[in-house]
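Input: a single structure, listed below in structure tokens.
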Amino acid sequence: MRSLFKYLLIVSLSCTLTLSANAQANYLKITEYRVYFGWAKRFLQDWMVLRRFENAGRQYMMLVNPQTLETRIDEPKDYQIKPMTMEEARSFFKSTPYQRALSKAEKQSVMTQDAGIEMGMPKESGISLTADLCPSHRPLDKKIFTDIFSEFQKVEKPAPIALSITGIWMRQHPGDLEWLKQMERKGEIYITWINHSFNHRVSKTLPLKENFLLEPGTDINYEVLETEKAMLKNGLLPSVFFRFPGLVSDQQLVNRITDFGLIPIGTDAWLAKGQQPQAGSIVLIHGNGNEPVGVNDFIDLLRSKTRAIAQKQWLLYDLRESVDDEFESAN
């Protein structure tokens, strides 16, 4: 029994170290990046394969743990793999939190604005914080992150935050991106990276039904996959979440996003619009310098919760764990 425990401990540590190393890798020579679905197994753990690509002549996969919603990049050589269609994979993993979240997002896709998962753990006292990094000429609003660290460093370190990132923002703000990565490396924050499209186009004149990703001529494959590639090239680990620019979508667009294996994430508390967070809320602010009202409202919220935070009665939740727990016991 002791030998078995030692073996499982070694395996667990090996997996953790591999994941950590892969999350920080920069894949600078990506080719043949494509959607690829299947079942993969290693060390008794089932994974769902989402992507395949080559980098510097080596094969890689992006996988998701359907129980925890954690993603990883790994080489296929150490896995038992069975290719599947998306329909076959969703049927195979139908009882998992990941597939339940996909289905829930599709059912909530009738709205033009704010389709997708809006709440995480409604029974918990706290929120899941998401900050959007849309294209902007203004610098990153660093005060959000430094204030989070200051408030939570004694009770919750690293403090979790989910960042919805665009390809254009990564291209325009390499210094700010490196600053965020440095905060994460120092253990001050923990980031879940959300795909927010590559270009994030928006028109001041077009109606919502023809705006953002609904604009005629939009190449959704480019918007999704090029953003993932840009994440990987910058050393970021893509999550299974997607946030629509402007929170604007329709039924067809939502289904196209879930066909990539991505879970649309909305919000029930966009602070700049005066929406107040409740227990389990997925809160939205913008960290790209364009929304000082939302940022100030969040900082005020933090200050109002100082005592509750100190007593661990009001916390930030990892978006993956929040959504996972929401659907873990769903019917």
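Inspection of region 104-111 finds no residue satisfying the criterion of being farther than 18 Å from SER281 by Cβ, at pLDDT 95 or above and part of a helix (DSSP H, G or I). Among the residues examined, ASP297 does not qualify as within 14 Å of ILE265 (Cβ to Cβ) and acidic (Asp, Glu).
Within region 196-211, residues that are in contact (Cβ under 8 Å) with a residue 24 or more places away in the chain have Cβ atoms under 6 Å from residues that are open to solvent by 60 Å² or more (accessible area, probe 1.4 Å) in these pairs: LEU208/THR112, counting only partners at least 6 apart in sequence or on another chain.
Restricting region 160-181 to residues that are within 15 Å of the chain's Cα centre (by Cα) and not in a helix (DSSP H, G or I), the residue that is surrounded by the fewest Cβ atoms within 10 Å (Cβ to Cβ) is PRO160. Of the residues LEU213, LEU208, the single one that is open to solvent by less than 20 Å² (accessible area, probe 1.4 Å) and closer than 19 Å to GLN113 by Cβ is LEU213. Of all residues in region 182-195, none are assigned to a loop (DSSP other than H, G, I, E, B), over 26 Å from SER150 (Cβ atoms) and open to solvent by less than 70 Å² (accessible area, probe 1.4 Å). Suppose the filter is part of a helix (DSSP H, G or I), on the phi > 0 side of the Ramachandran plot and open to solvent by 10 Å² or more (accessible area, probe 1.4 Å); does GLY246 pass it? Taking the combined requirement at face value, the residue satisfies it.
Selection within region 123-136: residues that are within 19 Å of the chain's Cα centre (by Cα) and over 20 Å from ASN199 (Cα atoms). The member of this set that is modelled with the lowest pLDDT is GLY126.
Only one of the numbered conditions (1) in a helix (DSSP H, G or I); (2) open to solvent by 70 Å² or more (accessible area, probe 1.4 Å); (3) under 18 Å from LEU247 (Cα atoms) is violated by TYR222, and that is (3). The residues listed here are ALA101, ALA131; of these, the one that is touching a His at 6+ places or on another chain (Cβ under 8 Å) and of a type in the set (A, V, I, L, M, F, W, C) is ALA131. Inside region 147-171, residues that are polar (S, T, N, Q) and modelled with pLDDT under 95 make up a count of 2. Screening the candidates GLU106, GLU88 for the property of being over 30 Å from TYR27 (Cβ atoms), open to solvent by 10 Å² or more (accessible area, probe 1.4 Å), out of contact with any Cys (no Cβ under 6 Å at 6 or more places or on another chain) and of a type in the set (D, E, K, R) yields one hit, GLU106.
When you check ILE282 against the structure, is it over 30 Å from PRO174 (Cα atoms) and among the β-branched types (Val, Ile, Thr), yes or no?
On the way: over 30 Å from PRO174 (Cα atoms): no; among the β-branched types (Val, Ile, Thr): yes.
Judged against the criteria, ILE282 is not a match.
Condition check ((1) surrounded by fewer than 19 Cβ atoms within 10 Å (Cβ to Cβ); (2) of a type in the set (A, V, I, L, M); (3) in a loop (DSSP other than H, G, I, E, B)) across all residues:
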site: LEU232; (1), (2), (3): no, yes, no
site: GLY235; (1), (2), (3): yes, no, yes
site: GLN252; (1), (2), (3): yes, no, no
site: GLN278; (1), (2), (3): yes, no, yes
site: ASN290; (1), (2), (3): yes, no, yes
site: ASP297; (1), (2), (3): no, no, no
site: ALA308; (1), (2), (3): yes, yes, no
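Elements of the type strands (runs of 3 or more DSSP E) sitting completely within region 32-93 and holding at least 3 residues that are of a type outside the set (Lys, Arg) and in contact with a Ser or Thr (Cβ under 9 Å, 6 or more places away or on another chain): these cover 45-55, 58-64.
Tell me, which residue of region 310-331 that is outside any loop (DSSP other than H, G, I, E, B) and among the hydrophobic types (A, V, I, L, M, F, W, C) is surrounded by the most Cβ atoms within 10 Å (Cβ to Cβ)? The qualifying residue surrounded by the most Cβ atoms within 10 Å (Cβ to Cβ) is VAL323.
The values are calculated or read from the model by the stated rules, or taken from the named source; none is laboratory data. Here the structure is a predicted model, which means the values were calculated and not measured. Note: ideal-geometry Cβ built from the backbone for every residue, glycine included; neighbour counts use all protein chains shown. Please note that ligands, DNA and RNA were not included when accessible areas were found on the heavy atoms of the full protein model with its side chains. Shrake-Rupley method; radii C 1.70, N 1.55, O 1.52, S 1.80 Å.
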